[in-house]
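Right, one structure below, let's go through it.
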Amino acid sequence: MIKKEFNLFPKNYFVIVEKYTQTAAAAAYVGFGDPDAEKYLDENNITVLNCVIRFPLSKECSFQIKIPDGKDYFFLPDVVVAICNKYREIYAEEDATSSIKAENLPKLINRNVTNGKWGIKFHYLDELIINDLVLDTSTNTIEISYSTRPSPSHL
């Protein structure tokens with residue numbers, strides 16, 4: 001029987017979305033938290049993973065992550081970079097399409113809700129932390145587990 005879900009992050013591993021780039025990924029040799037995840041992806045010839053970003057958006061963003069050119073398999077840092085890059089793209093699209101400027105709510109450190117393509121609410125990009133990625137093998141979809149920190153640039 002195929003395991004239904006795999007936790008992709010090792011224990012006590014997390015990523016600050018804004019800071020995780022291809023350069024950071026190249027410096028980090030981090031394997032999948034569940035070694036069976038790599039085996040599942042390889043044995044089932046999985047070359048595309050589905051991913052859904054829900055937080056902190058009013059409208060969810062579904063996209064696909066493909067094995068990078070020149071590689072034969074998924075490497076955890078490449079998956080994380082793809083997600084972090086998508087977040088940067090979402091925030092840029094929101095800034096470009098919103099008639100409401102992103103700023104702190106009065107007397108709070110939370111971001112206001114903007115009305116662009118994604119409807120970002122309450123959190124700046126530099127607050128977002130990915131705590132885990134869970135791969136659902138029934139759909140080959142990655143679910144993202146999050147937390148936040150106070151925005152260093154908006155205190």
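Computed values, structure above
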read-out: Residue count, region 25-49 (criterion: within 17 Å of ASN7 (Cβ to Cβ) and part of a loop (DSSP other than H, G, I, E, B)); value: 6
read-out: Within region 65-100, tally of residues that are under 22 Å from GLY33 (Cβ atoms) and out of contact with any Gly (no Cβ under 8 Å at 6 or more places or on another chain); value: 20
read-out: Number of the condition not met by ASP36 [criteria: (1) in contact (Cβ under 8 Å) with a residue 40 or more places away in the chain; (2) surrounded by fewer than 17 Cβ atoms within 10 Å (Cβ to Cβ); (3) not β-branched (Val, Ile, Thr)]; value: (1)
read-out: Subset of region 78-95 that is in contact (Cβ under 8 Å) with a residue 60 or more places away in the chain and hydrophobic (A, V, I, L, M, F, W, C) - its residue that is surrounded by the fewest Cβ atoms within 10 Å (Cβ to Cβ); value: ILE83
read-out: Search result, residues across region 108-155 that are β-branched (Val, Ile, Thr) and more than 30 Å from THR47 (Cβ to Cβ); value: ILE109, VAL113, THR114, ILE120, THR148
read-out: Positions within region 2-25 being surrounded by 15 or more Cβ atoms within 10 Å (Cβ to Cβ), over 13 Å from LEU133 (Cβ atoms) and not small (Gly, Ala, Ser), in sequence order; value: ILE16, GLU18
read-out: Hits in region 99-133 (condition: under 27 Å from TYR13 (Cβ atoms), modelled with pLDDT of 95 or more and aliphatic (A, V, I, L, M)); value: ILE120, LEU125, LEU128, ILE129, ILE130, LEU133
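The values are calculated or read from the model by the stated rules, or taken from the named source; none is laboratory data. Values in this document were obtained by computation on a predicted structure and should not be read as measured data. So basically every Cβ, Gly included, is an ideal-geometry build from the backbone, and we count neighbours across all protein chains shown.
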